[in-house]
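*Asks:* Please find one structure pasted underneath; my questions will follow.
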Amino acid sequence: SAPPGSLREAEFPWPTPDNPAYLTAVDTAQEAKLRLRECMLKWHPDKFEQQFGAMIAPEEKTSVLARAKAVQQVGFDTQISVSVHLAYI
């Protein structure tokens, strides 16, 4: 655990912007859904702030929380795309 106010944005293990759930071409539909759900829970802004908020450097807190929210939003958008795709298979 990091001391309060010591974590910088660059120290978080941010996922790739275009694939925050690390989906692969060989994932089954169930695996994709599970990975996307895990991604959305991990990066959910409220949960993220609850877990890391006190440890984030105060001057970077706004940008870190915004980035976590953006990651979660990409996961959400990807989940919708996967669900739509699976509905047509």
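*Asks:* Around Leu7, which amide H atoms from residues at least 5 apart in sequence, or from another chain, sit under 5 Å from its own amide H, with H modelled in the peptide plane?
*Replies:* Ile56, Ala57
*Asks:* Could you do me a favour and compute the accessible area per residue for the chain, 1.4 Å probe, result in Å²?
*Replies:* Working: 5990 Å² over 89 residues.
Value returned for the chain: 67 Å² of accessible area per residue.
*Asks:* For the stretch 38-44, just list the computed ³J(HN,Hα) in residue order, Karplus coefficients 6.51, -1.76 and 1.60, θ = phi - 60°, integers in Hz, with x standing in for Gly and Pro.
*Replies:* Once θ is set to phi - 60°, the couplings for the stretch 38-44 become 4, 4, 5, 6, 4, 9, 4 Hz.
*Asks:* On full extension of the chain, what length is gained from Ser6 through Ala25, given 0.36 nm per residue of separation minus the C-alpha to C-alpha distance? All intermediate terms of the calculation are to be shown ahead of the outcome.
*Replies:* Values: separation 19, 0.36 × 19 = 6.84 nm, distance 3.77 nm.
Gain in length upon complete extension: 3.1 nm.
*Asks:* Here is a follow-up. Give me the orientation-averaged projected area of the Cα convex hull of the stretch 46-85, in nm², one decimal. Before the final figure, lay out the partial values.
*Replies:* On the way: hull surface 11.2 nm².
Quarter of the Cα hull surface area: 2.8 nm².
*Asks:* Something else about it: Given the convex hull of the Cα atoms of the chain, what is a quarter of its surface area in nm²? Show your work: numbers first, answer last.
*Replies:* Details: hull surface 24.1 nm².
That works out to 6.0 nm², a quarter of the Cα hull's surface.
*Asks:* Using a Gaussian network model on the chain with a 10 Å cutoff between Cα atoms, which of Pro20, Pro45, Pro58 fluctuates the most?
*Replies:* Between Pro20, Pro45, Pro58, it is Pro58 that shows the largest mean-square fluctuation.
The values are calculated or read from the model by the stated rules, or taken from the named source; none is laboratory data. Since the model is a prediction, treat every value here as computed from it, not as a measurement. Only protein heavy atoms, including side chains, enter the accessible area calculation; ligands, DNA and RNA are left aside. Shrake-Rupley method; radii C 1.70, N 1.55, O 1.52, S 1.80 Å.
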